[in-house]
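Colleague: Below is the structure I would like to discuss, written out as structure tokens.
Each value in this text was obtained by applying a stated rule to the coordinates, not by laboratory testing. Quick caveat, the model's predicted, so the values are computed rather than measured. All Cβ positions, even for glycine, are placed from backbone atoms using ideal geometry, and neighbour counts span all protein chains on display.
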Amino acid sequence: MKDLTFQTLIAVFEEIFGFWLFWGMVAAAVIVTLAYIYVLVRDRSLSMRKFFLAQLSMPFGAVAAVWFVMVMTHSHVSDIGGPVDVIVFLGVAVLGAIGCAILVYTLQSLMRGKGDTSSDL
Amino acid sequence: MSHLTQIPASRRAFLGLAAGGLALAAAGAPAQAAKVRTSARIVILGAGAAGTALANRLVERLEGASITLIDGRKQHLYQPGFTLIAAGLKPADYSVSETGGWLPKGASWIEEPAAEIDPEAKIVTTASGQKVAYDYLIVATGLTLDYDQIEGMSLDLVGREGIGSVYAGPDYAAKTWALMDRFTDEGGIGLFTRPATEMKCAGAPLKYTFLTDDYARRKGTRGKVEINYAAHGGSLFSVPIVNEKVRMLYEDRGFNTVYNHVMKAIDPGKKIATFATPEGDVEMPYDFTNVIPPMRAPDVVINSPLPWADRWVGQGWVEVDQYKLRHRRYPEVFAVGDIAGVPKGKTAASVKWQVPVVEEQLVAQIEGKDSDELYNGYTSCPLITRIGRAMLVEFDYNNNLTPSFPGVIAPLEELWISWLMKEVALKATYNAMLRGKA
């Protein structure tokens, strides 16, 4: 790799997933992030009750992300051959876990509505 | 406990995050150099990877120049994809796009092959007889697969009688996959070779051997499959340190390797290939083979005064300075890509490194200056060793390893990340290169 620019990275991701799937995922990620910011600003606080449930969803998010990457790239867990592979693998899992946690937290907040603290500890 | 259940959210933290993201995006934007004014007539022979990438860069770099591409091929082929097609991982159209879709608006395209190059008169004549005068000529024709040099071989045999040929094109690669799939179901003798000439992507013959072995193992038929590899010379790969690693892997995978065997004939009826060796002709049987023909310059170059007279005799590569890629006898002629007569680098990765060098050398020459931009022979090969793993092999003229990610991606290690690069990131990088963006 000679010049790895932001533009090149975008092109790379478009190629990996296809134009529509990639930009669909970007749009989904932006919508979830904006919704997350919205509920945080609206509620002016982070609810630990919702956060707890969100944490419970993290392993599922991690597994789903790893599965997705493996299927898209014709790979298998046994293909991991060195330290850098383990880092990439864990990175995918961590991204999936965090993404899923944000999604679950946001969905709970949106569904339960503003100021719903009745179920808090 | 209730005070612990709520964490205050800060607006400043959000803004900080957003600003950071924007800064990251802005940092990625490439800087724009001032354009050079010129009325030079630049002719680029060939609209493949090298010709297209260079045209896109020159259009951005020069103002007032007349840039003309000459190429009769309507289809652009992403050749690094052929191995993936022949391994059943991508469809044949994965490698096919329209030549016209990649070319810049500021350049014109003569859609016919060149028939004659006259570097004394500085004129290129096309197949229809049109004469195109130039001030600067970039030879980027690519190379010719010379199947005729193998007796009994012809392209219409590919996909039949156990004869595959990954190099021949995307459709032939798909036919080769159909054969390889059947072969690894049924078992038999697999015969793998490479030619004695200079060739593009010298790693590809090795990759395909590894992939065939991998499929047999996955299907549980490896016990019924014999894999024979006939190397053209005394080694499997021209870079000694890589050769040793490949030799170890070949041993590990149980391949039978013979050296100094060059395929000269094939008998589809008997399924026997004949090899020239120092001890005389040797016959080797096969149930499946990947024929890789000798490679040479296209006729228009071979029949011109441009090739080396004393090196690679009969192959016709253009006589250029290996660092500047400028012709040694005609200083207004450059060669880039497969056709360049340099010791290494007939790969898309080499093109990516060569194109900016030719651009800088040419622009400097137009301005009456010198450029210190040089090509060091860089080539890269994501050497697939099975589906899901590859070695990212990068090296230069001196056979030194030149890893792009030292300490992170080990060059001689079979890694998943190297596979990810080959399978998902390479084509995107290649496309960006065609547009002159990488």
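Colleague: Report the label-to-label distance for A:I87 and B:R73 in nanometres (one decimal), using points 7 Å from each Cα along the Cα→Cβ vector.
Modeller: Result: 3.8 nm between the two label points.
Colleague: Let me ask you something else. Restricting to bridges with both residues inside the protein assembly as shown, how much of the DSSP beta-bridge set is antiparallel, in percent to the nearest 5?
Modeller: 55 percent
Colleague: Right, another one. For B:R329 and B:K131, FRET efficiency with R0 = 30 Å and r from the beta-carbon atoms, rounded to 0.05?
Modeller: 0.85
Colleague: Pull up all non-local amide H partners of B:I384: gap of 5 or more, or a different chain, and H-to-H distance under 5 Å with H placed in the peptide plane.
Modeller: Residues meeting the criterion, in which the H sits 1.01 Å from N, are B:M391.
Colleague: Check each of the GluC sites (Glu not before Pro) in segment B:219-316 and keep only those in coil by DSSP with at most 11 other C-beta atoms within 10 angstrom; list them in order.
Modeller: Sparse-neighbourhood loop GluC sites (Glu not before Pro): B:E279.
Colleague: Would you grab the residues whose amide H sits under 5 Å from the one on B:E112? Only those 5+ places off in sequence or on another chain, please, with H modelled 1.01 Å from N.
Modeller: B:D71, B:G72
Colleague: Okay, next question. Run the simple label-point estimate for B:E373 and A:L53 please: 7 Å along Cα→C-beta, distance reported in nm.
Modeller: Output for this residue pair reads 5.8 nm.
Colleague: May I pose another question? Cut-off under 17 Å on the C-alpha distance; same-chain residues fewer than 8 positions from B:K74 excluded. Which aspartates and glutamates are left, in chain and number order?
Modeller: B:D93, B:E98, B:E111, B:E112, B:D171
Colleague: Taking the beta-carbon count within 10 Å as an exposure proxy, list A:S109, B:S418 from fewest neighbours to most.
Modeller: By the 10 Å Cβ count, ascending: A:S109, B:S418.
Colleague: Given a Förster distance of 30 Å, report the FRET efficiency between B:I272 and B:I302 from their Cβ-Cβ distance, rounded to the nearest 0.05.
Modeller: Between B:I272 and B:I302 the formula returns 0.45.
Colleague: Here's another thing I want to ask about it. Which of A:I87, B:I67 has the fewest other C-beta atoms within 10 Å, and how do the rest follow up to the most?
Modeller: Exposure proxy ranking, most exposed first: A:I87, B:I67.
Colleague: Something else now. Restrict the search to segment B:327-384; then list the trypsin sites (Lys or Arg not before Pro) that DSSP places in a loop and that have at most 12 other Cβ atoms within 10 Å of their Cβ.
Modeller: B:R329, B:K369
Colleague: Could you tell me which of the pairs B:K264/B:K324; B:K175/B:K207; B:K346/B:K422 are separated by over 29 angstrom between their Cα atoms in the structure shown?
Modeller: From B:K264/B:K324; B:K175/B:K207; B:K346/B:K422, over 29 Å: B:K264/B:K324.
Colleague: Given points 7 Å out from each Cα along the Cα-Cβ axis, report the B:E186 to B:E98 separation in nanometres with one decimal.
Modeller: Result for the modelled spin labels: 4.1 nm.
Colleague: For segment A:6-112, what class follows from the C-alpha gyration tensor (a ≥ b ≥ c being the square roots of its eigenvalues): rounded when a/c is under 1.5, otherwise prolate if a/b is larger than b/c, else oblate?
Modeller: It comes out oblate by the Cα gyration axes.
Colleague: If a/c stays under 1.5 just call it rounded; otherwise compare a/b with b/c (prolate if a/b is bigger, oblate if not). Do that for segment B:309-385, with a ≥ b ≥ c from the square roots of the Cα gyration tensor eigenvalues.
Modeller: It is oblate, given that a/c is not under 1.5 and a/b is not larger than b/c.
Colleague: So which DSSP H runs in chain A come out at 24 Å plus along the axis (Cα) with average Kyte-Doolittle of at least 1.6?
Modeller: Membrane-span-like by this criterion, though nothing is claimed about a membrane: A:19-43, A:83-112.
Colleague: Which of rounded, prolate, oblate describes segment B:226-328, given a ≥ b ≥ c as roots of the alpha-carbon gyration tensor eigenvalues and a/c under 1.5 marking rounded, otherwise prolate only if a/b is larger than b/c?
Modeller: It is oblate, given that a/c is not under 1.5 and a/b is not larger than b/c.
Colleague: Residues with amide H under 5 Å of B:R296's amide H, sequence separation 5 or more or different chain, H placed in the peptide plane at 1.01 Å from N; which?
Modeller: B:T144, B:D146
Colleague: Still on this structure: How about B:K271: which aspartates and glutamates have a C-alpha closer than 14 Å to its C-alpha, ignoring those fewer than 8 places off in the same chain?
Modeller: Within the straight-line limit of under 14 Å, B:K271 reaches these aspartates and glutamates: B:E151, B:E161, B:E283, B:D287.
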